[in-house]
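To start, the structure itself, in structure tokens.
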Amino acid sequence: MTGSIGMAGEALSERAAELAANLAEVRERVAAAEAAAGRAAGSVQLVVVTKTFPADDVRLLAGCGATDVGESREPESGEKARACADLPLRWHQVGQVQTNKAAAVASWADVVHSVDRARLVTALERGHRRALERGERPAGHLLDVLLQIDLDDDDTRDPGRGGARPGEVAELAEVVAAAEGLRLAGVMAVAPAGVDPRGPFERLAQVAARLRADHPEATVISAGMSGDLEAAVAAGATHVRVGRAVLGARPAIV
Ligand SMILES: *Cc1c(COP(=O)(O)O)cnc(C)c1O
């Protein structure tokens with residue numbers, strides 16, 4: 001090796017090659033899933049989930065053409081978004097949001113996937129208004145909101161994962177629709193652990209169809225991760241959230 005790149009530069013270009021290869025592989029999986037489902041090429045948006053990985057990785061991914069990145073935890077998420085503010089990226093909050101972190105999330109997120117209660121809507125509305133007042137968000141910025149749906153049967157239910165029950169969706173949707181600065185964009189879910197995800201993703205598609213009957217603009221279905229994106233695309237997902245398959249194993253479960 002020539003010394004001109006230096007150790008740091010060499011490690012960075014190795015990581016760049018790894019991320020580019022992984023990203024290409026995931027894009028192929030998404031394209032194959034679109035084709036298998038008879039859906040148009042490019043109809044599914046890839047959100048690369050970068051939680052626990054450094055801002056340098058986000059920068060490299062943007063260089064590979066990634067347009068949408070997902071984060072999970074404050075303060076890591078906000079710090080990373082601010083460090084990458086010069087990049088043309090759309091920022092997604094994919095993990096659960098504690099009500100007392102809502103204002104922090106509203107200062108950087110473009111899309112929040114995990115809204116499952118009215119109190120969180122109110123806190124996001126207030127935080128987003130403040131972010132506009134402070135100039136942390138450009139004038140006219142709208143925060144897209146997805147309603148997270150709990151797809152578990154009662155016996156596989158994991159309250160830690162969050163999500164509104166399907167019967168709570170209509171009322172929660174009205175709360176979001178009435179909130180200033182927030183835009184009801186659709187639904188999101190995480191498939192229950194240890195079961196075939198096809199049934200749950202079909203149920204999510206039904207919840208999404210019912211929501212669209214009242215709110216035609218709520219077209220997003222965010223479903224599918226590294227392990228189950230094919231099943232999600234088959235069931236109509238418009239957005240998949242992929243972490244490990246692009247970035248590698250995370251140091252801890254987040
Ligand atoms: C971490 C996370 C993902 C990405 O999961 P992978 O298995 O790494 O692809 C997707 N959605 C949510 C809500 C997450 O927290």
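The values are calculated or read from the model by the stated rules, or taken from the named source; none is laboratory data. Nothing here was measured: the structure is a model prediction, and the numbers come from that model. So basically every Cβ, Gly included, is an ideal-geometry build from the backbone, and we count neighbours across all protein chains shown.
Of note:
- Within the stretch 98-147, the set of residues being out of contact with any strand residue (DSSP E or B) (no Cβ under 6 Å at 6 or more places or on another chain) and within 16 Å of the ligand (Cβ to nearest atom) comprises 98, 101, 120.
- Candidate set from the stretch 58-83 (those that are surrounded by fewer than 20 Cβ atoms within 10 Å (Cβ to Cβ) and in contact with a Cys (Cβ under 8 Å, 6 or more places away or on another chain)); member that is farthest from residue 104 (Cα to Cα): 62
- The lone exception for residue 230 - which of (1) under 27 Å from residue 126 (Cβ atoms); (2) modelled with pLDDT of 95 or more it fails: (1)
- Cβ-Cβ under 9 Å pairs, at least 6 apart or on other chains, the stretch 18-39 side polar (S, T, N, Q), far side surrounded by fewer than 16 Cβ atoms within 10 Å (Cβ to Cβ): 22/248
- The stretch 226-254, residues that are near the ligand (Cβ under 9 Å from one of its atoms), without any contact (Cβ under 8 Å) to a residue 40 or more places away in the chain and among the aliphatic types (A, V, I, L, M): 249, 253
- In the stretch 78-97, the residue that is farthest from residue 66 (Cα to Cα) out of those that are within 16 Å of the ligand (Cβ to nearest atom) and basic (Lys, Arg) is 80.
- The single condition among (1) part of a loop (DSSP other than H, G, I, E, B); (2) modelled with pLDDT of 95 or more; (3) out of contact with any Ser or Thr (no Cβ under 8 Å at 6 or more places or on another chain); (4) not aromatic (Phe, Trp, Tyr) that residue 121 does not meet is (1).
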